[in-house]
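To start, the structure under review is shown below, and the notes come after it.
The values are calculated or read from the model by the stated rules, or taken from the named source; none is laboratory data. Keep in mind the model is a prediction, meaning the values are calculated, not measured. Quick reminder, even Gly has a Cβ in these numbers, built from the backbone with ideal geometry, and neighbours come from all protein chains shown. Quick note on the areas: whole protein, heavy atoms, side chains included, nothing else; ligands and nucleic acids left out. Shrake-Rupley method; radii C 1.70, N 1.55, O 1.52, S 1.80 Å.
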Amino acid sequence: MKRTTVLLALGFVFAAISIDQTFAQQSSNAAKAESTVHNSAARVNGYEPMWWKEAVVYQVYPRSFQDSNGDGIGDLNGITQRLDYLKKLGVNVIWLSPHYDSPNADNGYDIRDYRKVMKEFGTMADFDRMLAGIKARHMRLIVDLVVNHTSDEHRWFVESRSSKDSPYRDYYFWRDGKPNPADPAHPLPPNNYPSFFSGSAWQWDGTTKQFYLHYFAVKQPDLNWDNPKVREDVFALMKFWLDKGVDGFRMDVIPLISKQPGLPDLTPEEMKDPPRLWANGPHRDEYLQQMNREVLSKYDVMTVGEAIGITLEEEPKIINSQRHELNMVFNFDAVRLNRGEFYSEAKWTLPQLKAIYDHHATALSKTDWDTVFLSNHDNPRLVSNYGDTSTAEFRIRSAKLLETMLLTLRGTPFIFQGDELGMTNYPFTRLDQFNDIEVKNAYKEKVLGGKMTEGEFIAESRRFGRDNSRTPMQWSDAPNAGFTSDAAKPWLAMNPNYKEINASKEGADPESILRYTQEAIGLHHAHLAFVYGDYKDLDPDNTQVFAYTRTLKVPAKPDQRFLVVLNFGEKPLDYTLPEGVTAGKLVLANVQGTPETGGSKLKLGAWDARVYTY
Ligand code: NOJ
């Protein structure tokens with residue numbers, strides 16, 4: 001049997017555009033729709049319409065996207081070359097991972113100069129050209145704002161570490177060590193904070209004989225937001241980029257900016273999950289409100305915070321529109337459902353995943369806004385993580401199913417580069433194949449520290465390591481997948497499956513994951529039900545089928561009613577829809593030959609994904 005995608009949706013999609021012309025045209029035609037920001041009078045299903053609620057966001061990890069100058073590292077001109085690809089895909093906002101000057105201890109998340117472009121990525125003129133290209137195509141750009149910490153090579157830190165009297169001393173956290181009776185010449189760290197990247201979060205500095213705080217790498221000292229001058233400087237650099245025309249920020253680990261007064265030791269209970277405490281510092285909301293008042297509110301922007309350490313119930317403190325902080329945050333409950341301690345795997349069930357999405361729908365109100373994502377540069381590949389890569393056929397079907405889900409659930413969808421092709425995890429077998437500081441540091445702690453064998457460590461890192469998603473984009477079957485022309489090899493190895501999985505092949509194949517994702521994005525843009533519609537999980541306990549509706553009542557127009565049915569597994573089954581729900585016309589399906597009408601009983605094949613009216 002041929003199991004391929006069928007593009008059934010087109011006719012219906014175009015017919016249906018007229019249903020919600022007003023809003024759909026605003027959202028899908030950015031040329032005309034400057035913004036819905038000021039159109040707050042017309043609520044849609046109780047939500048204030050905003051362009052960023054209606055967007056589909058695509059994350060570009062610049063190092064791995066497209067190399068234009070043959071040095072093996074992606075760059076801004078490479079992105080500019082690929083803007084037509086993104087436009088065609090249908091995404092309308094690009095989130096660019098850090099592009100700033102950096103010594104790259106953590107691939108750009110350690111910034112040396114916030115107003116300079118990383119030299120490997122090009123120049124400010126290249127940035128301006130890229131931005132102009134984005135705007136010319138009626139897309140928008142948000143950039144990464146990494147201001148919980150800087151690089152230790154940032155001018156502020158260089159000054160700060162130079163002497164205790166430096167005017168920049170208080171830009172960071174400097175503390176005396178604790179006496180070390182066993183070795184008085186080597187004091188102990190000021191408290192028991194662990195670093196995200198293994199070891200203590202404190203680094204001894206010989207110049208002034210004090211420790212400085214770094215939640216992440218030693219080369220990423222934490223900024224002291226309690227110092228008003230730090231806030232002033234951060235706000236100024238934000239304005240610098242906004243005045244250039246960027247449309248907002250993805251804010252790196254932003255809840256961590258307010259530290260615990262006095263930095264006391266973590267209790268044994270707090271030690272089980274330090275970010276919970278770190279993310280709930282006493283001034284977090286005050287500082288974000290100041291940022292909003294002094295910077296964000298003056299521009300038409302989108303902001304999305306990385307909500308590390310924040311529970312879903314706590315999110316409204318940051319995202320409720322009446323609190324004037326951020327627009328939305330990333331919540332990690334879904335993406336980390338299958339994760340145990342560090343990179344170990346946890347068993348998960350479909351009802352658990354559904355419960356998370358249901359929880360999102362109930363915990364957030366109409367004055368909050370959500371994101372939906374299942375991958376990024378810190379997580380494994382979408383299809384390797386939640387799909388099935390055991391056969392080519394299942395990979396294709398399950399990748400399409402996951403894209404269907406992301407584009408029809410509640411919240412602004414975020415797609416990570418390459419997931420639209422069904423790119424997979426890399427078959428790592430050796431430590432020297434990894435580049436990521438998280439893996440390298442963890443190796444020292446876990447393998448050299450005798451906690452696990454090298455084999456176990458490699459197996460876990462192959463499953464969950466961050467480099468899985470950072471291997472270069474697979475553009476074609478040319479050498480190095482068309483990612484880089486001249487370099488003998490790219491900065492991180494290409495996945496050897498690029499001859500099979502690449503954009504050029506998929507672009508020419510109407511049944512590819514790429515073409516399907518394009519279709520699913522088109523469907524998302526065409527119907528505001530997928531943006532503002534109510535969400536209802538029809539069958540929360542079903543262990544194999546995820547079935548839900550998105551329903552939107554538009555005054556004086558027919559209701560928009562969509563039913564999504566996802567068979568989360570390879571087992572075919574006869575599925576009877578819960579009482580009262582009948583699948584109507586098929587609008588999208590990931591398998592060719594799916595009957596055009598549904599009914600109350602559906603025959604679902606392996607990894608079938610369908611969207612119907614109902
Ligand atoms: C979160 C980023 O997504 C990750 O890549 C980075 O290592 C840490 N924050 C530190 O900036």
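Over the chain, DSSP H runs of length four or greater, each weighted -39,500 (n - 2.57), average out per residue to a 222 nm ellipticity of -8000 deg cm²/dmol. Taking the square roots of five times each eigenvalue of the Cα gyration tensor of segment 65-179, the equivalent ellipsoid has semi-axes of 35, 14, 12 Å, listed largest first. Per residue, the chain exposes an accessible area of 37 Å² to a 1.4 Å probe, with every protein chain left in place. What a 1.4 Å probe finds exposed on segment 266-363 is 51% carbon and sulfur by accessible area, rounded to a whole percent. How high is the relative contact order of the chain, in percent, with contacts defined as C-alpha pairs under 8 Å that are six or more residues apart? In percent, rounded to a whole number, it is 16.
Beyond 17 Å, what share of the Cα-Cα pairs of segment 391-438 remains, rounded to the nearest whole percent? It works out to 51 percent of all Cα pairs.
Gyration tensor analysis over the Cα atoms of the chain returns equivalent ellipsoid semi-axes of 40, 27, 25 Å (largest first, whole Å).
Rounded to the nearest 20 debye, the dipole magnitude of the chain is 960 debye, with +1 charges on Lys and Arg beta carbons, -1 on Asp and Glu beta carbons, and the Cα centre as origin. Highest average first, the peptides 451-459, 167-175, 66-74 ordered by how many other beta carbon atoms sit within 10 Å of their residues are 66-74, 167-175, 451-459. Within the accessible surface of segment 480-614, defined with a 1.4 Å probe on protein heavy atoms only, the carbon and sulfur portion equals 52 percent.
Net charge around GLY72, counting only other residues with Cβ within less than 12 Å of its Cβ (Lys, Arg = +1; Asp, Glu = -1)? Taking every other residue near GLY72 into account, the sum is -3.
Taking the 1.4 Å solvent-accessible surface of segment 165-223 as the whole, the part contributed by carbon and sulfur is 58%. Pair-distance distribution of segment 331-448: all C-alpha pairs, bin width 5 Å, starting at 0; shares per bin in whole percent are 2, 9, 18, 21, 20, 14, 9, 5, 2, 0, 0.
Distances between placed amide hydrogens fall under 5 Å for ILE415 paired with VAL57, TYR58, GLN59, all partners being 5 or more residues away or on another chain. Suppose the Debye formula is applied to equal point scatterers at every Cα of segment 534-614; what is log10 I(q)/I(0) at q = 0.22, 0.23, 0.27 Å⁻¹? Log10 of I(q)/I(0), two decimals: -1.01, -1.10, -1.46.
Counted over segment 261-405 with a bin width of 5 Å, the fraction of Cα pairs per bin, in whole percents, is 2, 8, 15, 17, 18, 15, 12, 8, 4, 2, 0, 0.
In this structure MET271 has an accessible area near 70 Å², from a 1.4 Å probe over the protein heavy atoms.
Using the alpha carbons alone, the radius of gyration of segment 473-614 stands to its Kirkwood radius in an Rg to Rh ratio of 1.10.
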